[in-house]
Amino acid sequence: MAQRSFSTSTCQDRPPRRRSLSINFSSCKQRGKDEYHTKSKSCSTEPNMIQQKQSFRPNRKSSRTLSDLRTFDNNEGFLCEKEQEFQEKRKLYIHTALQKLLNTVLKADDVPHIALMGSGGGYRAMVAMSGIINALYNSKILDCILYTAVLSGSSWFITTLYSHPEWPNIDPKYIQKQLKTDISKNPKSIPQILRYSWEFFCTKWKGKSWNFTTDVFGPMLGDVLIPERLNCKWSEQKDKLSEGTVPLPLLSAIHAKEEKNTKEFHEWVEISPYEVSIQHYGAAIDMTNFGSEFDEGLLTRRIAEMPLFEIMGICGSAYTLTHEELANKDSSYSKTGALEESVGPSRKNEEYDIECDSYQSTNSNESYFPENDDVFDEEEEKHELYQSNISEPSMEEMEDLFKRICQIHNEGGRVFEENKNGNEKKDSKADIAEENAHREQHNEISFMHSCSLEGDVEIDGAFDYPKNILMEQCMKTRRHRAAMVNNPFRNVSFDETDSFCLQGDTSSSLKNDLEKLCLIDAGLAFNSPYPLLFQPGRDVDLILSFDFTDRKKDCNSPFKTLLRAEDWARKQEIKFPKIKVDKYEGKNVQELYIFEDENDPECPIIMHFVLVNKDFRTYKKPGVRRRESEKQFVNFTIYDDQKTFHCTNFQYSEENFDRLSQLSEFIVLNNIAHIEACISKSIQNKQNRIQPGRQKHPSSPV
């Protein structure tokens, strides 16, 4: 039996019903359809347009192409043809690499599916991931990895790496060196636009269809990380996968509602060089069509593919949380998977009783783990002084910044509306009417200077909102902050069970006529992209998971994100090892924790790597002790000072870059023997497996 599809909620009380596979195309008037079909530049493989307009029930036991929308079954056919071809070539490459690494003879059918995974965490995650890739590359472990799934800050390094014109024919240390130079410069534009420029851009683009993520934050992020390739597209990276010499990179985001809490509704979105898919709907579009307009599954208006810097902005847009989500940041998460609401100010102090050198629950029967701290910060007051050092730019600087952003859009092949020729003719009256509707919709933006708040509010993984713009009116909705992307499922009717909704609330389902999808940082769901790796056909046997989530203190528990992933897997009836953390209570945080089910060869092995400066203080390399003169360099903490490696820090000195990247590199090299042992175990598990694919977990709810 293949893997079950996953639900989009981490707090669902019961497993999702198996959804009906019918798709209807009957919501538009005939006249509208004909107009769209005439304008379409579809590359459809279905010549009979009449059949496409009718309601039908496709056979979705295997993947099939429905015009410009590829559909697939919940349990089968998730992988597109390109990914299947990649798997075949990559596994041949891995087969050879594993035999060399383990010095053994291995059957081709016994090649395990190994995945690398990185969490969110801003520049902290990005810099640490650069060291991890270095270590995996030099140890030849990278040659054995099939997939790389990343979220938020980790995605910034993977996109920087893969978009480099020389990758994979270059040592990643050279790309890392350039990255170190780029972020060691004073990136004045990024902190300033995040802290002071919202009001400026609202005024500049008033009446225009714009959002802060793709139109401001993304361009400036790209200007720092990929300044020489602003016209790069994510789909172009599929050429680097053609020979199977590198892992397939998977980026993650979530589809959310503008005004709804992500705990109530969110859907995981996967962005690969091949496709963009929302697996819960059993549908995907070609990556080159991401951002284009669709109707009834047909491509009606082809728009240039979204540039990579905009996707980087979407993946790292943790600042799109709502006022409700910010207010609920003190919610707690128990190891049983239950969300416990805070009952008062004193609750926060009751959750942990932590010594400096160890962590221990105050209740032996139930430990609580706070929400993803890279989204919901509980100690923002500690960062106000540091963040206040960012000077407010002058009007001349803001005008220069605006011109630079427009220039970046041009280099990325996206001419912004502010730069369009006013005499440019519209294609039709419908286009003019559509633009007027957009203008009317967005003219509602108005922000008052007189609004006053009790100090600045900081969102870890994003930035400080200045108190003159952070107001309840703005934070009630994600509008104008979150990326709004054309809905490829527009006027494709799904059954009410297709979308996750609490207690049968069908109002949460995807609306048939929804024009835009609100795409935000997946860390607002939970901070590691496990859902991407448990798709049907990927059948991952071993996960090298690197968690960069903020723990507030280096000695705090490192399991909260992993426990959320376990809870998610149980609810989706996906096999996942039991995360038993009781035996680690009262002990120092380790670099690596291994979780597996000794009695079930079908259950994947999880290697949970943690950022902790432990053996690195003593050893320069595994087995090579440091000199006394080198100890000052390694005298640092990751989370204790909540400044140097904090997610709001967009500038790293070369020394701090080296500290963090070399630490993460050391952690991998210090555990190579464990990695090789887990690879060998995953091979044995595959040999002992009764049948291919994943089975339901025996403890899954019925």
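Structure summary
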item: Entries in 587/614; 263/578; 208/403; 260/476; 140/233 that, when Cα-Cα distance is taken, lie over 18 Å; result: 263/578; 140/233
item: Under-5 Å amide H pairs with residue 248, H placed in peptide plane, nonlocal only; result: 147, 148
item: Counted charge near residue 242, where neighbours are those whose Cβ lies closer than 11 Å (Asp, Glu -1; Lys, Arg +1); result: +2
item: Of 203, 222, 234, farthest towards positive along the dipole that unit charges on Lys, Arg, Asp, Glu beta carbons give the stretch 167-243; result: 203
item: Exceeding the 24 Å Cα-Cα cut-off - candidates 91/686; 575/681; 185/631; result: 185/631
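We did not get these values from a lab; they are worked out from the coordinates using the rules stated. Bear in mind the structure is a predicted one, so any value in this text is a computation, not a measurement. Glycine gets a Cβ as well: all are built from the backbone with ideal geometry, and neighbour counts include every protein chain shown.
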